[in-house]
Amino acid sequence: MVIPNGVNGDQVRKLMLEDFGIEIGTSFGPLHGKVWRIGTMGYNARKDCVMQTLSALEAVLNYLRFTTTQGAAMQAAWDHYRTEATL
């Protein structure tokens, strides 16, 4: 996921882990500081894990005063699960 301009990616990662117990990865090489790696494989691919991660990420970004459209990511994921997913 591309880190939005003006957002400290390491601070977001720290808050996600400390406050929500969710670890997202940093990037390496030329992408370091530009993208996060959010793993949704195996156990973490479950709908509840995906929704929890999106909710936590939105909360952290809002806490850091980055403007988000409240609930948009969760709504998009929910819409996908309701119409596309077979999980």
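No value in this document is a laboratory result; all are computed from the given coordinates. None of these values were measured; they are calculated from a predicted model. As a convention, Cβ positions derive from the backbone with ideal geometry for all residues, glycine included, and neighbour counts pool all protein chains shown.
Where does the chain land at 222 nm, in deg cm²/dmol rounded to the nearest 500, when only DSSP H runs of n ≥ 4 count, each adding -39500 (n - 2.57), divided by all residues?
Numbers: 3 runs with 41 residues, N = 87.
So the helix-based figure for the chain works out to -15000 deg cm²/dmol.
Each of Thr53, Gln11, Gly29 was placed along the dipole of the chain (beta-carbon charges, centred on the mean Cα), and the one lying farthest toward the positive end is Gly29.
For Cα extents along the principal axes in Å, the choices are (1) 35, 27, 24; (2) 36, 35, 26; (3) 43, 35, 18; which was calculated from the structure? From the options (1) 35, 27, 24; (2) 36, 35, 26; (3) 43, 35, 18, the structure gives (1). Near Val35, the amide H atoms lying under 5 Å from its own belong to Ile3, Ser27; only residues 5 or more places off or on other chains count, and H is placed 1.01 Å from N. Take the alpha carbon atoms of segment 1-47, find their center, do the same for segment 60-83, and report the distance between the two centers in whole angstrom. What the calculation gives is 15 Å, centre to centre. When Glu23, Glu84 are arranged by Cβ crowding within 10 Å, least crowded first, meaning fewest neighbours, the order is Glu84, Glu23. Rounded to the nearest 20, the size of the Cβ-charge dipole of the chain about its Cα centre is 140 debye, with Lys and Arg at +1 and Asp and Glu at -1.
How do the peptides 52-60, 8-16, 30-38 rank, highest first, by the average count of neighbouring beta carbon atoms within 10 Å per residue? Could the numbers behind the result be given before it?
On the way: 52-60: 18.8, 8-16: 16.0, 30-38: 12.8.
The packing order, highest mean first, is 52-60, 8-16, 30-38.
Against the chain, whose longest principal axis comes from its Cα atoms, helix 47-63 is set at around 40 degrees.
Site pair Asp10 and Val35 shows an inter-label distance of 2.1 nm when each label is modelled 7 Å from Cα along Cα→Cβ.
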